[in-house]
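Asker: The structure under discussion is supplied below as structure tokens; questions concerning it will follow.
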Amino acid sequence: MSRAFNFSAGPAMLPEAVMRKAESEFLDWNNTGMSVMEMSHRSKEYMSVAHQMEADLREVMAIPDNYKVLFIHGGASLQFAGIPMNLAEQGDTVDYLNTGVWSTKAIKEASRYTNVNVIAGGQEANPTEVPDISEWQFSDDAKYIHICSNETITGLELQDEHLEAIFSQGKPVIADMSSNIMSREIDVNKYAMIYAGAQKNIGPAGLAIVIVREDMLGHARSNTPTLLNWEIYANNESMFNTPATYAWYLAGLVFDWIKTTGGVKHIATVNQKKASKLYQYIDESDFYSNSIKVSERSWMNVTFNLKNSDLDAEFLEQSKAAGLLSLKGHKAFGGMRASIYNAMPEEGIDALIVFMKQFALDNA
Ligand code: PMP
């Protein structure tokens, strides 16, 4: 059996060591005679898995004690509604920066529940740069400011200067980190709430992680569905109802893998190296190009176009045959996209570059 390099945007490649460990424990976890999937979520055994998972996540992200970590079904998209429902009343003003499709989706959903001021952006569906900070218009009375730290479709990532401009407003900052969580070190203290769908840097799909400062709890509007109310999750160890037990377990294996491979600090160094290698090759070649503003290019999602798009289908067919999977870009943006999350080894980037070079030569 051989494992391919899978460049899917999500669900995405998981570390091989994690998959092997899960395989070895699949039928019998820790001599219990059961798979983790078959255990009661209230059992002593499962609670030990859950507690370890949370402790490891807290360690790898250095999450302070005054933050709760919640594990919520429904992916990141459910939180698009959960955020206004937990933090604002109908008619309150909230600020959203629009940097692409995922920001737009969050804005659309929040607009159903509250009054959204778009700080900047939204003129184009898939912008290739972050709106200039000088154009940003915050509202005085916003309950919170929402950002998407990495737009997965285009590969556009907010930089320190953007984050500083957001933090300087002194408002609670909410960040959708679905596609760059744990890819580099961040200071959790700067955020009121961070959320991420699991299927990229965390584990299997179906689960979202919510990291929320305690003072953000207890403000949900009265008609918030129970399973969207963060306080209910916080008071019940995210077990008000039956959680996605196996997804939690696998996420726990990923957190442990991050710890044992040197933590987020080390992973960030590798991520930066991986991304710059690939961008460097794209920039050097006259066969491929990337349209994102250079200083705002994502470390996680590298988009590129072939100069001659008639060759796209052939590129995808040959790359697949070479064991380089899921390179097709999102249909909304076209071209190609290599999603190179934490689990993608550097050898995957090297193999992709070798393939791209050869394809360019063959089709020159
Ligand atoms: N935000 C971002 C930045 C994403 O990339 C995605 C999924 N690709 C989502 C939100 C939605 O996540 P989910 O499918 O888990 O709801």
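The values are calculated or read from the model by the stated rules, or taken from the named source; none is laboratory data. All values derive from a computational prediction rather than experimental measurement. We place every Cβ from the backbone using ideal geometry, glycine too, and count neighbours over all the protein chains shown.
Asker: Please enumerate the residues belonging to the stretch 209-234 that are more than 16 Å from the ligand (Cβ to nearest atom), aliphatic (A, V, I, L, M) and in contact (Cβ under 8 Å) with a residue 12 or more places away in the chain. Full working, then the answer.
Answerer: Start the filter on the stretch 209-234 by keeping residues that are more than 16 Å from the ligand (Cβ to nearest atom), which leaves 212-226, 229-234.
Checking the rest, the ones that are also aliphatic (A, V, I, L, M) come to 212, 216-217, 220, 232, 234.
Within the stretch 209-234, V212, M216, L217, A220, A234 qualify.
Asker: Please go through the stretch 192-208 and give me each residue that is more than 10 Å from the chain's Cα centre (by Cα) and either within 16 Å of S77 (Cα to Cα) or within 16 Å of the ligand (Cβ to nearest atom) (or both), ordered by number.
Answerer: Going residue by residue through the stretch 192-208, those that are more than 10 Å from the chain's Cα centre (by Cα) are 192-194, 203-207.
Selection gives M193, I194, G203, P204, A205, G206, L207.
Asker: Separate question: Suppose we filter K200, K190, K143 for residues that are within 21 Å of L57 (Cα to Cα) and surrounded by fewer than 24 Cβ atoms within 10 Å (Cβ to Cβ); which single one remains? Working first, answer last.
Answerer: Working: K200 fails: surrounded by fewer than 24 Cβ atoms within 10 Å (Cβ to Cβ); K143 fails: within 21 Å of L57 (Cα to Cα).
After ruling out the rest, the residue left standing is K190.
Asker: Please enumerate the residues belonging to the stretch 1-41 that are among the polar types (S, T, N, Q) and either more than 25 Å from the chain's Cα centre (by Cα) or assigned by TED's automatic domain parsing to the domain that holds S339 (or both). Give the steps one after another, and end with the answer.
Answerer: Restricting attention to the stretch 1-41, the residues satisfying the condition of being among the polar types (S, T, N, Q) are 2, 6, 8, 24, 30-32, 35, 40.
Listed by number, the residues that qualify are S2, S24, N30, N31, T32, S35, S40.
Asker: Hey, does the stretch 70-81 have a residue that's free of Cβ contacts under 8 Å to residues at least 40 places away in the same chain and within 16 Å of the ligand (Cβ to nearest atom)?
Answerer: Restricting attention to the stretch 70-81, the residues satisfying the condition of being free of Cβ contacts under 8 Å to residues at least 40 places away in the same chain are 80.
Then drop every residue that is not within 16 Å of the ligand (Cβ to nearest atom), which leaves 80.
Scanning the stretch 70-81, I find at least one residue that is free of Cβ contacts under 8 Å to residues at least 40 places away in the same chain and within 16 Å of the ligand (Cβ to nearest atom), so the answer is yes.
Asker: While we're here: Could you check, for the stretch 59-69, whether at least one of its residues is more than 16 Å from the ligand (Cβ to nearest atom) and free of Cβ contacts under 8 Å to residues at least 24 places away in the same chain? So that I can check it myself, show each step before the final result.
Answerer: Here is the first cut: in the stretch 59-69, the residues more than 16 Å from the ligand (Cβ to nearest atom) are 59-69.
Now narrow it down to the ones that are free of Cβ contacts under 8 Å to residues at least 24 places away in the same chain: 65.
Scanning the stretch 59-69 turns up at least one residue that is more than 16 Å from the ligand (Cβ to nearest atom) and free of Cβ contacts under 8 Å to residues at least 24 places away in the same chain.
Asker: Continuing with this model, one more query. Taking the stretch 1-48 only, how many residues are among the hydrophobic types (A, V, I, L, M, F, W, C), in a loop (DSSP other than H, G, I, E, B) and touching a residue at least 12 places away in the same chain (Cβ under 8 Å)? Talk me through it step by step, then tell me what you get.
Answerer: Start the filter on the stretch 1-48 by keeping residues that are among the hydrophobic types (A, V, I, L, M, F, W, C), which leaves 1, 4-5, 7, 9, 12-14, 17-19, 22, 26-27, 29, 34, 36-37, 39, 47.
Those still in the list that are in a loop (DSSP other than H, G, I, E, B) too: 1, 4, 7, 9, 12-14, 26-27, 29, 34, 39.
Adding the requirement that they be touching a residue at least 12 places away in the same chain (Cβ under 8 Å) leaves 4, 7, 9, 12-14, 29, 39.
Selection size over the stretch 1-48: 8.
Asker: For the subset of the stretch 142-165 comprising residues that are within 10 Å of the ligand (Cβ to nearest atom) and touching a Gly at 6+ places or on another chain (Cβ under 8 Å), which member is nearest to A120 (Cα to Cα)?
Answerer: Applying the first criterion (within 10 Å of the ligand (Cβ to nearest atom)) to the stretch 142-165 yields 148-153.
Next, only the ones that are touching a Gly at 6+ places or on another chain (Cβ under 8 Å) stay: 148, 151-153.
Details: C148: 13, E151: 15, T152: 19, I153: 19 Å.
Applying the filter and picking the extreme gives C148.
Asker: Picking from S179, S134, which residue would you name as being surrounded by fewer than 20 Cβ atoms within 10 Å (Cβ to Cβ), small (G, A, S) and either away from the ligand (no atom under 11 Å from the Cβ) or within 17 Å of the chain's Cα centre (by Cα) (or both)? If you could, list the steps in order and put the result at the bottom.
Answerer: Details: S179 fails: surrounded by fewer than 20 Cβ atoms within 10 Å (Cβ to Cβ).
Within the list S179, S134, the selection yields S134.
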